[in-house]
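Asks: Can you keep this structure in mind? I'll have questions shortly.
The values are calculated or read from the model by the stated rules, or taken from the named source; none is laboratory data. Nothing here was measured: the structure is a model prediction, and the numbers come from that model. So basically every Cβ, Gly included, is an ideal-geometry build from the backbone, and we count neighbours across all protein chains shown. Only protein heavy atoms, including side chains, enter the accessible area calculation; ligands, DNA and RNA are left aside. Shrake-Rupley method; radii C 1.70, N 1.55, O 1.52, S 1.80 Å.
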Amino acid sequence: MAFLQELSQRKVLRVISGYAVVCFVVLQIADVTFEPLNVSASVFRGMLAAMIVGIPVVAYLAWVFDVDRDSRLNRAHSNRPGIELSIAVVTTMLFAAGVWYALDQGAVTSAQKAGQEDVQRRTAVAVLPFDSLIGDENSLFATNLADELVFRLGQYRNLPVISRASSFASDLPDDATTTGALLDARYLVYGSVRQSDEEVRVSVQVVDSESDAVVWSNNDYRANQSNTIELIDEIASAIVGEINPALLHIESARAARMEPGSLDAWSVAMRGWWHMNTETKDGLNEAIHWYEEAIDRDPTWAWPHAALALSNYRALMNGWTENPQQSVEQLLKNATEAVQLDPNDAFAHHALGHAHGINGLVEESLRAFARGVELGPNNAMARGCYGMQLAASNLSAEALEQVTQAMALSPNDPWQHRFALVQSRAHFAGANYSDSETWALRSNQLKPSFGAFLHSVAAPAMLGDVERAQERVDQARAANPLPPLANIRQNFSRLGHPDYVARLVTGLSRSGFE
């Protein structure tokens with residue numbers, strides 16, 4: 001009882017209560033302001049730790065000192081510990097808080113570094129010197145072609161590429177498994193060059209060094225040898241345009257088969273890529289989950305930020321989000337973060353293009369897509385999505401140019417269904433409704449999507465064949481509820497030219513959309 005009276009007399013409990021109120025207010029302000037200001041969560045944790053450590057500090061100081069009725073600070077009793085001891089106690093506690101915070105930050109940094117090392121170590125690609133199979137005159141051509149592949153594959157930021165100095169070393173072993181281990185590369189690109197009269201023929205294969213299995217190959221790269229530089233450029237573009245999407249497809253399928261507990265940062269993101277490309281609502285929700293986990297494992301890696309932005313874009317365009325405004329904000333946030341983390345990533349600018357487009361900033365969207373194509377001229381997906389925005393902007397000819405190049409770069413691309421959709425939209429922009437319907441149906445045959453379905457309905461309706469359009473709508477409605485026409489108008493109005501949107505809505509209205 002005497003101790004409690006002493007605490008009350010020295011106002012210890014009152015001081016602690018006031019301190020707790022002040023801490024609560026400060027934390028509430030931090031909780032509201034830190035995220036918009038992009039302040040790291042570790043700062044919040046450090047503040048909380050310091051406040052907790054401060055409780056015994058405040059209690060101790062209130063015990064040693066008191067405040068008299070005239071609000072003057074006085075020593076409580078002359079025989080109490082001196083100010084030197086007070087300073088020592090406070091310094092010790094603050095030092096302990098600092099050590100805790102440093103260890104916490106070190107653990108976060110180590111986890112991020114480990115995640116980055118996982119990504120770098122497990123996904124690298126190495127291009128080995130190409131063989132010249134007919135005569136020494138082709139040896140320089142073969143070397144230059146392989147050298148060009150190193151450069152062009154390096155323009156993709158998702159798969160690290162081993163430097164030429166390492167992969168062209170003369171003392172590398174013959175077997176893929178040992179070479180992959182020495183270069184720290186999972187995939188090895190082998191090639192050979194043949195010449196017949198004026199024609200050059202190039203064969204390429206990609207080997208998984210862990211299994212020693214050929215996972216991709218093509219021996220159909222041919223060109224007339226009229227200009228060596230242009231020939232190398234032409235063949236390298238064709239090879240790179242196919243290799244990268246093929247490896248993404250292989251990696252995502254591999255990650256989908258793995259046990260969740262065995263996934264590293266890269267495989268987590270690839271698992272998300274696999275789910276996203278199922279083109280279903282459930283698949284998209286799964287993809288969002290895995291991308292968020294990849295970001296948690298390595299917040300400094302731009303690729304999952306861009307992929308998460310793309311997922312929100314898909315959710316918006318398919319009407320699969322319960323909170324469209326939140327999805328719009330998240331799309332812009334993730335895309336912006338991706339570009340900030342890696343300004344040279346074509347995929348990040350591609351995501352930013354969608355973010356600007358969905359916010360109605362058409363010019364900014366087109367610039368972002370154009371930048372993506374500039375950074376990744378062999379990136380078929382970047383060109384295809386640039387074509388998508390050009391079509392929505394009623395720029396039919398420009399859209400067709402981009403998507404035609406995308407399809408030529410990667411004729412076996414898993415995204416061919418989306419390229420077909422871009423073709424449909426580009427022809428719709430040019431009021432060529434017959435071709436628009438043809439490409440929409442082709443896209444749906446490759447992999448059904450809501451965007452392809454809409455154009456397969458609106459295009460024949462604009463041609464006057466309302467009965468065929470209505471039949472497709474009735475079949476779709478029997479399987480799943482269709483979103484209101486007003487929602488579709490709103491989504492397309494965000495990123496489309498008013499004339500394009502008006503014609504699309506007219507066609508859908510004639511087809512039975514309400």
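Asks: Whole-Hz Karplus ³J(HN,Hα) for the range 413-427, in order, using 6.51 cos²θ - 1.76 cosθ + 1.60 and θ = phi - 60°, x for Gly and Pro?
Replies: In residue order, the calculated couplings are 4, x, 8, 4, 5, 6, 4, 5, 5, 4, 4, 4, 5, 5, 5 Hz.
Asks: Send over a whole-number figure in Å² for the accessible area per residue of the range 204-248, probe 1.4 Å. Please report the intermediate quantities before stating the final value.
Replies: On the way: 2040 Å² over 45 residues.
Per residue, the range 204-248 has 45 Å² of solvent-accessible surface.
Asks: Here's something else I'd like to know. Going out from 0 in 5 Å bins, what whole percent of all Cα-Cα distances in the range 438-514 drops into each bin?
Replies: 3, 17, 27, 29, 19, 5, 0
Asks: Also, quick follow-up: When ligands, DNA and RNA are left out and all protein chains stay put, how many square angstrom of accessible area per residue does the range 401-487 have with a 1.4 Å probe? Let's see the in-between values first.
Replies: Values: 3770 Å² over 87 residues.
About 43 Å² of surface per residue is accessible.
Asks: Restricting to DSSP loop positions (anything but H, G, I, E, B) with no more than 16 other Cβ atoms inside 10 Å of their own Cβ, which GluC sites (Glu not before Pro) remain in the range 144-200?
Replies: Passing both the DSSP loop test and the Cβ count: Glu198.
Asks: Pull up all non-local amide H partners of Ile162: gap of 5 or more, or a different chain, and H-to-H distance under 5 Å with H placed in the peptide plane.
Replies: Val125, Ala126, Val127
Asks: Give me the log10 of I(q) over I(0) for the range 139-199 at q = 0.14, 0.15, 0.20 Å⁻¹, as the Debye formula computes it from C-alpha points; what are the numbers?
Replies: -0.46, -0.52, -0.86
Asks: Using r as the Cβ-Cβ distance of Gln490 and Met258, and R0 as 45 Å, what FRET efficiency do you calculate, to the nearest 0.05?
Replies: On the way: r = 40 Å, r/R0 = 0.88.
The formula returns an efficiency of 0.70 here.
Asks: List every residue whose amide H lies under 5 Å from the amide H of His497, counting only residues 5 or more places away in sequence or on a different chain, with H placed 1.01 Å from N in the peptide plane.
Replies: Those lying under 5 Å, H to H, from His497 are Ser393, Asn394.
Asks: Which of rounded, prolate, oblate describes the range 293-412, given a ≥ b ≥ c as roots of the alpha-carbon gyration tensor eigenvalues and a/c under 1.5 marking rounded, otherwise prolate only if a/b is larger than b/c?
Replies: On the way: a/c = 1.83, a/b = 1.30, b/c = 1.40.
Here the range 293-412 falls in the oblate category.
Asks: Out of the chymotrypsin sites (Phe, Trp or Tyr not before Pro) in the range 163-225, which ones are loop residues according to DSSP with at most 14 other C-beta atoms within 10 Å? Could you put the intermediate results ahead of the total?
Replies: Working: sites: Phe168, Tyr187, Tyr190, Trp216, Tyr221; in loops: Phe168.
Passing both the DSSP loop test and the Cβ count: no residue.
Asks: Separate question: Using a 1.4 angstrom probe on heavy atoms only, work out the carbon and sulfur share of the accessible area of the range 290-390 in %.
Replies: On the way: 1670 of 3390 Å².
Result for the range 290-390: 49 percent of the exposed heavy-atom area is carbon or sulfur.
Asks: Right, next: HN-Hα J couplings of the range 363-377 from phi, Karplus 6.51/-1.76/1.60, θ = phi - 60°, integer Hz, Gly and Pro as x?
Replies: Result, rounded to whole Hz: 5, 5, 4, 4, 5, 5, 5, 4, 5, x, 5, 5, 6, x, x.
Asks: Using a 1.4 angstrom probe, figure out how much accessible area the range 340-384 has per residue, in square angstrom, rounded to the nearest whole.
Replies: Numbers: 1500 Å² over 45 residues.
Computed with neighbouring chains in place, this is 33 Å² per residue.
Asks: Stokes-Einstein at 10 °C, 1.306 mPa s, Kirkwood radius from Cα pairs: D for the range 201-345 in µm² s⁻¹?
Replies: Working: Rh = 17.2 Å.
Answer from the Stokes-Einstein relation: 92 µm²/s.
Asks: Further question on the same structure: Amide H neighbours of Val215 under 5 Å, at least 5 residues apart or on other chains, H built in the peptide plane: list them.
Replies: Sorted by chain and number, the residues that satisfy this are Val206, Val207, Asp208.
Asks: Starting from the Cα gyration tensor of the range 377-475, take the square roots of the eigenvalues, sort them a ≥ b ≥ c, and report rounded, prolate or oblate (rounded when a/c is under 1.5, otherwise prolate if a/b is larger than b/c, else oblate).
Replies: Values: a/c = 2.73, a/b = 1.60, b/c = 1.70.
Note, shape of the range 377-475 comes out oblate.
Asks: First measure r as the distance between the Cβ atoms of Ile250 and Thr178, then evaluate 1/(1 + (r/R0)^6) with R0 = 25 Å and state the FRET efficiency to the nearest 0.05.
Replies: Efficiency, rounded to the nearest 0.05: 0.70.
Asks: With Cβ to Cβ distances under 13 Å as the rule, what net charge do the other residues near Thr506 carry (K, R +1; D, E -1)? Please list the in-between numbers first.
Replies: Details: positive: Arg489, Arg503, Arg510; negative: Asp499.
Its environment carries a net charge of +2.
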